[in-house]
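The next block holds one structure in the form of structure tokens; read it before the comments.
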Number of protein chains: 2
Amino acid sequence: MALSMYEVTVPVFVRGLKVLAALLTKAEQHVEQRGSVPDAMISARLADDMLPLSAQVQRASDTSKMSVERLSGVPAPKFDDNETSFDQLRQRIDNTIAYLESVPAGHFDGSEQRTITLNFGGFPDFTGASYLLTFALPNFYFHVATAHDILRNQGVPVGKRDYLGMFV
Amino acid sequence: MALSMYEVTVPVFVRGLKVLAALLTKAEQHVEQRGSVPDAMISARLADDMLPLSAQVQRASDTSKMSVERLSGVPAPKFDDNETSFDQLRQRIDNTIAYLESVPAGHFDGSEQRTITLNFGGFPDFTGASYLLTFALPNFYFHVATAHDILRNQGVPVGKRDYLGMFV
């Protein structure tokens, strides 16, 4: 076996969240340069019944912290989903990273075999490994990529290299 | 160590590619029901300078097969990027899956330490583990999520449960 459960969770999520914070900063700069309204960017979405930018950030935060709580057993902080500014969204990200980085790597030992039961969505039980690989990671990247896609759709000058974290 | 390099590559990519094929089928059904033009859906994009749906599928194919080639040493097939129909895009996915599933798990042994050098983009050298976790997986999910986002933006009735592969 080549990878620990810790390696495929905490550093991966921290990196993705830093990417997201950097994307938000580029979006904020774009709004300032255009003299447009931050609220319009923060509430932008790709379809009427799809979550806006702010909620993509909140769900990336939740997916990462709840995955780590379920796998490590260390309770994650609860946040109120009331962020309405770029500063507040970056603070949410910082608070999420602080929790992730507080969890000792040893708490993930054996988590690949742990039974993970979600109390929503009608999903079957997972092992820790299948939960991480078929639910947590795809879900996390969905929200980071969709945040990026919303910014692209809104004309913010970001691209794949931002998403891949070459500048983080 | 809890996870093998094989577990975090081949089954993950195969699953994501099947999700992508199922999304394409829903897009095709939507086009048929609307009596609209398949070409418009296949060339849809979120920004003028962003890749269209067909290219998101081609890049998901490339990311998965090139990652597996680099980590396993088993040469991947080359494809011409000339798909212009839903059938051709699904065939591209099937051909990609056939290659991925042909690679023996044992060929990934020790690949976490292998030096991976990309001949584009100005990236520093990776270890196999860092290549997988900071480049290959984020890149792969980017293209699957963006394909989903293009369909959502075009009004195709798909959602997170399709993306997560609950129906695959």
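Karplus-derived 3J(HN,Hα) values for region A:118-132, using 6.51 cos²θ - 1.76 cosθ + 1.60 with θ = phi - 60°, are 9, 8, 7, x, x, 6, x, 4, 10, 7, x, 5, 6, 4, 5 Hz; glycine and proline are entered as x. Taking chain B as the reference, fit the longest principal axis to its C-alpha atoms, fit the long axis of helix B:10-34 to the helix C-alpha atoms, and give the angle between the two in degrees, 0 to 90, nearest 10. Computed tilt is about 10 degrees.
Remark: mean inter-chain Cβ contacts per residue of B:126-135 equal 3, using a 10 Å Cβ-Cβ cutoff to other protein chain atoms.
So if we plug the beta-carbon distance of A:Asp109 and A:Asp39 into 1/(1 + (r/R0)^6) with R0 = 45 Å, what FRET efficiency do we get, rounded to 0.05? With a Förster radius of 45 Å, E is 0.50. Given the options B:Ser64, B:Val10, B:Tyr131, identify the residue whose Cα lies farthest towards the positive end of the charge dipole of region B:1-151 (+1 on Cβ of Lys, Arg; -1 on Cβ of Asp, Glu). Going by the Cα projections, it comes out as B:Val10. Here's the list of aspartates and glutamates a cross-link from A:Lys18 could span, going by alpha-carbon distance under 18 Å and ignoring same-chain residues fewer than 8 apart: A:Glu7, A:Glu28, A:Asp62, A:Glu83, A:Asp87, A:Asp94, A:Glu101, A:Asp149, A:Asp162. Global dimensions of region A:10-67 from alpha-carbon coordinates: Rg and Dmax equal 12.8, 38 Å. Only Lys, Arg, Asp and Glu carry charge here, each on its Cβ (+1 for the first two, -1 for the last two); on that basis chain A has a dipole of about 360 debye about its Cα centre. Average accessible surface for the protein assembly as shown: 42 Å² per residue, computed with a 1.4 Å probe over protein heavy atoms with every protein chain in place.
The packing ranking, built from the mean of other Cβ atoms within 10 Å per residue, places the peptides A:6-13, A:144-151 in the order A:144-151, A:6-13, highest first.
Could you work out how far helix A:137-153 tilts from the main Cα principal axis of chain A, as a 0 to 90 degree angle to the nearest 10? On a 0 to 90 degree scale, this one is about 0.
Among rounded, prolate and oblate, which fits the protein assembly as shown when a ≥ b ≥ c are the square roots of the eigenvalues of its C-alpha gyration tensor, a/c under 1.5 means rounded, and a/b larger than b/c means prolate? The shape class here is rounded. Need one word for region A:99-168: rounded, prolate or oblate. Basis is the Cα gyration tensor (sqrt eigenvalues a ≥ b ≥ c); a/c below 1.5 gives rounded, then a/b vs b/c decides. Verdict is oblate for region A:99-168. Taking the C-alpha atoms only, the angle from helix B:53-72 to the longest principal axis of chain B is near 10 degrees.
A simple charge model with +1 on the Cβ of Lys and Arg, -1 on the Cβ of Asp and Glu and nothing else charged puts the dipole of region B:28-83 at about 240 debye relative to its Cα centre.
Near B:Val10, once Lys and Arg are set to +1 and Asp and Glu to -1 for all other residues with Cβ below 14 Å from its Cβ, the sum equals 0. Here region A:10-39 is scanned for amide nitrogen atoms under 14 Å from the site 7 Å beyond the Cα of B:Met50 along Cα-to-Cβ, giving A:27.
The values are calculated or read from the model by the stated rules, or taken from the named source; none is laboratory data. Quick caveat: nothing in here was measured; it's all calculated off a predicted structure. Ideal geometry is used to build each Cβ from the backbone, glycine not excepted, and the neighbour counts take in all protein chains shown. For accessibility, only protein heavy atoms count, side chains too; no ligands or nucleic acids. Shrake-Rupley method; radii C 1.70, N 1.55, O 1.52, S 1.80 Å.
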